[in-house]
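First the structure, in the form of structure tokens, and then the observations on it.
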Amino acid sequence: MLPKLSNQEFEALTQGARILEKDGFGLKVLRLPDARILKIFRRRHWFSSQLWAPHAQRFDRNAKTLLKRGIPTISVEQIFALPAMQRQAVLYHELPGITLRQWLREHESDEAKALIEQFGRFVAKLHTEGVLFRSLHFGNVLVTPEQNLALIDIVDMSFRRGGCLSTRQRIRNFAHIDRYVEDRTLFTQTGEQTFIEAYLEAAQLSSEIQTTLRQALPRRAPRLTRPFFLSCLKSNNNGLRQSGKTPSNKPTYSTLNPSLSVNSTGLKEPNRRRGGWSGVTRLVLNPEAAPQDQQAVFLKIQQNHFYRAPNTFFTKQLTFEREFEVLRQLDSVTDSIPELVLFAKWRSGSDVGAILVTKALDGWYPLPDWIHGRKRPHTSG
């Protein structure tokens, strides 16, 4: 059980504090007058892993484990519950410095290259120590005044009890680093090989694994990220079009706003049940690129396609929303799932819909085909 903090104690603690971050649900991060940071967590769903592993406890546990393994990070002073607010909180000492993202914005050429090399060695140490930091990007790595690197925002993390990360986990972590467009730009300005060469030198891996990791790093093909997908969505390619009207003889599938729609001829015959419909198609987002550089996704769209379950008190929930939540939870325990690109919901009058986009499963095979030696590429969602 977490120690509890009353409203009066919370107000006394945060008197004169500066709000660093908040959202529509309330306060998220406060900087106290004595330079300590108060980070507040809320449980997003009625039934979630936070029932038995609150984020405040994970944050505290991760910080202590990182420090024990020699990884610089936050020093937690106290964790507690805020029952009146239905929140948990972590109180920790502020780490001096700026994010790696901000540092790279302000530095160029040799200085930036030297720090990217240092970042490569830092990531290699994380992986050697069995640390899988799923939120690893330039905004969650701090550059201290002494130009050391440290981790912040450390909730989404797991540790191997013995040994280093697997090759597949390393590759997946590289993809996390490359997820943000600005980070990718800053990354490539220093030379595409700077990071991986420093990483491999520090990691001391076999030549076979080194070759695999070099090939896994992104090349000139656009990364399959939410901004990239949205830019393709608006490009009028792949059966997508911008229109304020919808044809009356065929159903159209609204996506992210009323002015965008997807022509139904690009989708398989939708599944019509549960009082609504649900459809899926495979899209190549950059068909003009060379075949080896093309990026493909499964685009799933539905409207009024609901299910009911006990954990939501039998209220209606879109089936793609359930699929999205399951994929997010599985992402913390396995790499053998479709990679999420985008999930969004919309409402138009009495209609409710969702879009779910995952990276295409190119190179994967249905299990029966693999067992019988029939390697037919998987092309359905």
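Return the only residue of 168, 161, 172 being open to solvent by 50 Å² or more (accessible area, probe 1.4 Å) and in a helix (DSSP H, G or I). None of the others qualify; the one that does is 168. Exactly one residue among 77, 106 is closer than 30 Å to residue 10 by Cβ and surrounded by fewer than 20 Cβ atoms within 10 Å (Cβ to Cβ), and that residue is 77. Residues that are more than 16 Å from residue 133 (Cβ to Cβ) and out of contact with any helix residue (DSSP H, G or I) (no Cβ under 9 Å at 6 or more places or on another chain) within segment 61-77 comprise just one, 77. Considering only segment 11-34, I want to know if a residue exists there that is more than 25 Å from residue 125 (Cβ to Cβ), open to solvent by 70 Å² or more (accessible area, probe 1.4 Å) and among the aromatic types (Phe, Trp, Tyr). Within segment 11-34 (the criterion being more than 25 Å from residue 125 (Cβ to Cβ), open to solvent by 70 Å² or more (accessible area, probe 1.4 Å) and among the aromatic types (Phe, Trp, Tyr)), the answer is yes, since at least one residue qualifies. Scanning segment 109-151 for residues that are on the phi > 0 side of the Ramachandran plot and open to solvent by less than 20 Å² (accessible area, probe 1.4 Å) turns up just one, 130. For residue 104, the conditions (1) more than 19 Å from residue 198 (Cα to Cα); (2) in contact (Cβ under 8 Å) with a residue 60 or more places away in the chain; (3) of a type outside the set (Lys, Arg) all hold with the exception of (1).
For segment 57-73, the candidate set comprises residues that are of a type in the set (Lys, Arg), assigned to a helix (DSSP H, G or I) and surrounded by fewer than 18 Cβ atoms within 10 Å (Cβ to Cβ); within that set, the residue that is farthest from the chain's Cα centre (by Cα) is 68. Selection of segment 321-364 for residues being touching a residue at least 60 places away in the same chain (Cβ under 8 Å), in a helix (DSSP H, G or I) and open to solvent by 70 Å² or more (accessible area, probe 1.4 Å) yields only 329. Figure legend. Inter-residue proximity from segment 22-35: first residues among the small types (Gly, Ala, Ser), second residues in a loop (DSSP other than H, G, I, E, B) and open to solvent by 60 Å² or more (accessible area, probe 1.4 Å), beta-carbon distance below 7 Å, spacing 6+ or different chains. Indicated pairs: 35/94. Only one of the numbered conditions (1) closer than 14 Å to residue 101 by Cα; (2) of a type outside the set (A, V, I, L, M); (3) open to solvent by less than 60 Å² (accessible area, probe 1.4 Å) is not met by residue 199, and that is (1). Among the candidates 198, 216, the residue that is at pLDDT 70 or above and closer than 20 Å to residue 118 by Cβ is uniquely 198. Considering (1) in a strand (DSSP E or B); (2) at pLDDT 75 or above; (3) surrounded by fewer than 18 Cβ atoms within 10 Å (Cβ to Cβ), the lone condition that residue 241 does not fulfil carries the number (2). Quick one: would you say residue 83 is open to solvent by 40 Å² or more (accessible area, probe 1.4 Å), modelled with pLDDT of 90 or more and over 22 Å from the mean Cα position of the chain (by Cα)? Judged against the criteria, residue 83 is not a match.
The values are calculated or read from the model by the stated rules, or taken from the named source; none is laboratory data. Because the structure is predicted, anything quoted here is derived from the model rather than measured. All Cβ positions, even for glycine, are placed from backbone atoms using ideal geometry, and neighbour counts span all protein chains on display. Ligands, DNA and RNA are excluded from the accessible area calculation, which covers all protein heavy atoms including side chains. Shrake-Rupley method; radii C 1.70, N 1.55, O 1.52, S 1.80 Å.
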